[in-house]
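Working notes, beginning with the structure itself.
Only the coordinates and a few stated rules stand behind these numbers; no lab work does. What you are looking at is a predicted structure, and each value in this text was computed from that prediction instead of being measured. Here the Cβ is made from the backbone with ideal geometry for all residues, glycine too, and neighbour counts use every protein chain on show.
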Amino acid sequence: MTMHASKGLEFPVVFIPGLGYLPNRYNDEADEARLLYVAMTRAIEVLVLSCDRKSVFAERLDGALGKVG
């Protein structure tokens, strides 16, 4: 299922692979951020993100998670 198609749905577990590929250089960063937010908030119990390279979004999430604890 795509992130676009997940809007309005909820799942016990959500996997978002390839976070390091976001934002896509051909798309608007703000639009990509909103889309990632939609995908992440579909998770009811567990959210799993994978990343194999640095990206703006991965660094932001890493910083935010460091503040939460």
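Suppose each label sits 7 Å from its Cα in the direction of the beta carbon; what would the D52-K67 distance come out to in nanometres?
3.1
Which entry in (i) 169; (ii) 134; (iii) 94 is this structure's computed volume of the Cα convex hull per residue in Å³?
The value matching this structure is (iii).
If you average the sequence gap of Cα pairs under 8 Å that are 6 or more apart and divide by the length of the chain, what percent do you get for the contact order?
For the chain, the relative contact order is 44 percent.
Please give, to one decimal in nm, the separation of the simple spin-label points placed at F15 and M1, each 7 Å out from Cα toward the Cβ.
According to this spin-label approximation, the distance is 1.4 nm.
With a 10 Å Cβ neighbour count serving as the proxy for reagent exposure, in which order, fewest first, do E10, E32 appear? It would help to have the intermediate numbers written out before the result.
Values: E10 11, E32 18.
Fewest-to-most ranking of E10, E32: E10, E32.
Mean residue ellipticity at 222 nm from the helices of the chain, using -39,500 (n - 2.57) per DSSP H segment of n ≥ 4 over the full residue count, to the nearest 500 deg cm²/dmol?
Counting only the DSSP helices, I get -11500 deg cm²/dmol.
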